[in-house]
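K.L.:
One structure, as structure tokens, below. Some questions next.
The values are calculated or read from the model by the stated rules, or taken from the named source; none is laboratory data. Note that this is a predicted model, so its numbers are computed, not measured. No Cβ is skipped: glycine too gets one built from the backbone with ideal geometry, and neighbour counts run over all protein chains shown.
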Amino acid sequence: MIRSCCNMSRLTRLPSVAYAVFIYSFLYVPIAILVAYSFNDSKLNAVWKGFTFAWYAKLWTNTSILEAAKISLTVGFFSTVISTMLGTLVAVGMYRYRFRGKGMIDAMLYVPLVMSEIVMGIALLAFFSMIKVPLGMGTLLIAHITFSIPFVVVVINARLKGFDQSIEEASKDLGANEWQTFRLITFPLLGPAIAASAMLAFTISIDDVIVSFFVAGPDSTTLPLQIFSMVRHGVTPEINALSTLMLIVTLTFVVFAQKLQTRKR
């Protein structure tokens, strides 16, 4: 009787297992193929001719790719720092203070998260054109800060929902002022969430294509835009190698951000 129940349980789990295998295969097999063919000793992705690191070595001699990578890292770094600072202040302020229209302002912070990227790109382009600001590094940086702030706010808000305000009240009762309380109590407790939001903001910035396409000038081509322009002439192992490196960087930041966000103290 027990054996038959176990067999029935296994049979009922088979469709779920098969479905999970299908979904994960659909998501990750193409990525695995891309990584594998970045080591292909052939200019054609359709034929495997052997293993080589030549395409990775070739990337270091491609000046256009290196320049695009420099722009992406520069914009990603500054947009991450600024958006993390602003997003943290907004999240803490919205959590701590109550005022008229707070609910509407809080809801508006989430609009960029659900808005289509192409709509945001066109809106920013129209805004920069209206105020007659030439497209370049400045507009690219402003755009990346704009769409990164909501992600920072969401991560910080998730941490603040479990925040014990009695700790801050105890600090003030012991004589600490607002700045000392924030610096010695609030900031350390929010530290993992702030770091996680910064990593998430950097990942989103360095991977962005749609918004950057509308607001980047001719001399501010980011790495994703460079890859997009290269793909128009056909996908080569060099593009696969570059995509693999970007994938590694992105996954590294996402994993660290997830660990920091879920870390228990």
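K.L.:
Is it the case that segment 138-160 has a residue that's over 30 Å from Leu242 (Cα atoms) and free of Cβ contacts under 8 Å to residues at least 60 places away in the same chain? Break it down into steps so the answer makes sense when it comes.
P.N.:
Taking segment 138-160 first, the residues over 30 Å from Leu242 (Cα atoms) are 153-154, 156-160.
If we keep only those that are free of Cβ contacts under 8 Å to residues at least 60 places away in the same chain as well, we get 154.
Yes: one or more hits.
K.L.:
Still on this structure, please answer the following. Name the residues in segment 130-184 that are among the hydrophobic types (A, V, I, L, M, F, W, C), assigned to a helix (DSSP H, G or I) and farther than 24 Å from Val81 by Cβ, would you?
P.N.:
Within segment 130-184, the first condition is being among the hydrophobic types (A, V, I, L, M, F, W, C), and the residues that meet it are 130-131, 133, 135, 137, 140-143, 145, 147, 149, 151-156, 158, 160, 163, 167, 170, 174, 176, 179, 182, 184.
Then keep just the ones that are assigned to a helix (DSSP H, G or I); that gives 130, 137, 140-143, 145, 147, 149, 151-156, 158, 160, 167, 170, 179, 182, 184.
Met130, Ile167, Ala170, listed by residue number.
K.L.:
Right, here's the next one. Within 15 Å of Pro237 (Cα to Cα) and either assigned to a loop (DSSP other than H, G, I, E, B) or at pLDDT 85 or above (or both) - does that describe any residue in segment 51-59? Give the steps one after another, and end with the answer.
P.N.:
Here is the first cut: in segment 51-59, the ones within 15 Å of Pro237 (Cα to Cα) are 51-59.
Next, from what is left, pick out any that are either assigned to a loop (DSSP other than H, G, I, E, B) or at pLDDT 85 or above (or both): 52-53.
Checked segment 51-59: at least one residue is within 15 Å of Pro237 (Cα to Cα) and either assigned to a loop (DSSP other than H, G, I, E, B) or at pLDDT 85 or above (or both).
K.L.:
Could you say whether any residue in segment 167-181 is surrounded by 13 or more Cβ atoms within 10 Å (Cβ to Cβ), closer than 30 Å to Gly76 by Cβ and at pLDDT below 90?
P.N.:
Within segment 167-181, not a single residue is surrounded by 13 or more Cβ atoms within 10 Å (Cβ to Cβ), closer than 30 Å to Gly76 by Cβ and at pLDDT below 90.
K.L.:
Identify all residues within segment 190-234 that are crowded, with 17+ Cβ neighbours inside 10 Å, more than 15 Å from the chain's Cα centre (by Cα) and under 20 Å from Thr88 (Cβ atoms); write none if there are none.
P.N.:
Once the filter is applied, which keeps residues that are crowded, with 17+ Cβ neighbours inside 10 Å, more than 15 Å from the chain's Cα centre (by Cα) and under 20 Å from Thr88 (Cβ atoms), segment 190-234 yields Leu190, Pro192.
K.L.:
Going by what's in this entry, would Phe202 be described as more than 20 Å from Thr63 (Cα to Cα), in contact (Cβ under 8 Å) with a residue 12 or more places away in the chain and of a type in the set (Phe, Trp, Tyr)? Outline the logic, then answer.
P.N.:
Values: more than 20 Å from Thr63 (Cα to Cα): yes; in contact (Cβ under 8 Å) with a residue 12 or more places away in the chain: yes; of a type in the set (Phe, Trp, Tyr): yes.
Yes; evaluated as a whole, the condition is true for this residue.
K.L.:
Please tell me if Ile156 is among the aliphatic types (A, V, I, L, M) and within 30 Å of Ser72 (Cβ to Cβ). Even if it seems obvious, please write down each step before you answer.
P.N.:
On the way: among the aliphatic types (A, V, I, L, M): yes; within 30 Å of Ser72 (Cβ to Cβ): yes.
Spelling it out, Ile156 is indeed among the aliphatic types (A, V, I, L, M) and within 30 Å of Ser72 (Cβ to Cβ).
K.L.:
Right, another one. Among what's in segment 152-161 and is within 13 Å of Ala201 (Cα to Cα) and either surrounded by 21 or more Cβ atoms within 10 Å (Cβ to Cβ) or among the basic types (Lys, Arg) (or both), pick the residue that is nearest to the chain's Cα centre (by Cα).
P.N.:
Of the residues in segment 152-161, the ones within 13 Å of Ala201 (Cα to Cα) are 152-156.
Next, from what is left, pick out any that are either surrounded by 21 or more Cβ atoms within 10 Å (Cβ to Cβ) or among the basic types (Lys, Arg) (or both): 152-153, 155-156.
On the way: Val152: 10, Val153: 13, Val155: 12, Ile156: 15 Å.
Applying the filter and picking the extreme gives Val152.
K.L.:
Would you call Ile131 in contact (Cβ under 8 Å) with a residue 24 or more places away in the chain and either of a type in the set (Asp, Glu) or more than 16 Å from Ile156 (Cα to Cα) (or both)? Give the derivation first.
P.N.:
Working: in contact (Cβ under 8 Å) with a residue 24 or more places away in the chain: no; either of a type in the set (Asp, Glu) or more than 16 Å from Ile156 (Cα to Cα) (or both): yes.
The answer is no for Ile131.
K.L.:
Specify the residue that is modelled with the lowest pLDDT; the eligible residues are those in segment 89-128 that are among the aromatic types (Phe, Trp, Tyr) and in a helix (DSSP H, G or I).
P.N.:
Narrowing segment 89-128 to residues among the aromatic types (Phe, Trp, Tyr): 95, 97, 99, 110, 127-128.
From the residues that got through so far, the ones that are in a helix (DSSP H, G or I) too are 95, 127-128.
Values: Tyr95: 79, Phe127: 91, Phe128: 91.
Applying the filter and picking the extreme gives Tyr95.
K.L.:
Please enumerate the residues belonging to segment 91-118 that are under 20 Å from Phe163 (Cβ atoms), free of Cβ contacts under 8 Å to residues at least 12 places away in the same chain and small (Gly, Ala, Ser).
P.N.:
Within segment 91-118, Gly93, Gly103 meet the criteria.
K.L.:
With the condition kept exactly as written, say whether any residue in segment 160-179 is polar (S, T, N, Q) and under 23 Å from Ser220 (Cβ atoms). Outline the logic, then answer.
P.N.:
Filtering segment 160-179 for residues polar (S, T, N, Q) gives 165-166, 171, 177.
Subset that is under 23 Å from Ser220 (Cβ atoms): none.
No, because not a single residue in segment 160-179 is polar (S, T, N, Q) and under 23 Å from Ser220 (Cβ atoms).
K.L.:
Now for a separate question. For segment 45-98, how many residues meet the condition of being touching a Phe, Trp or Tyr at 6+ places or on another chain (Cβ under 7 Å) and either surrounded by 13 or more Cβ atoms within 10 Å (Cβ to Cβ) or under 18 Å from Ala193 (Cα atoms) (or both)?
P.N.:
4
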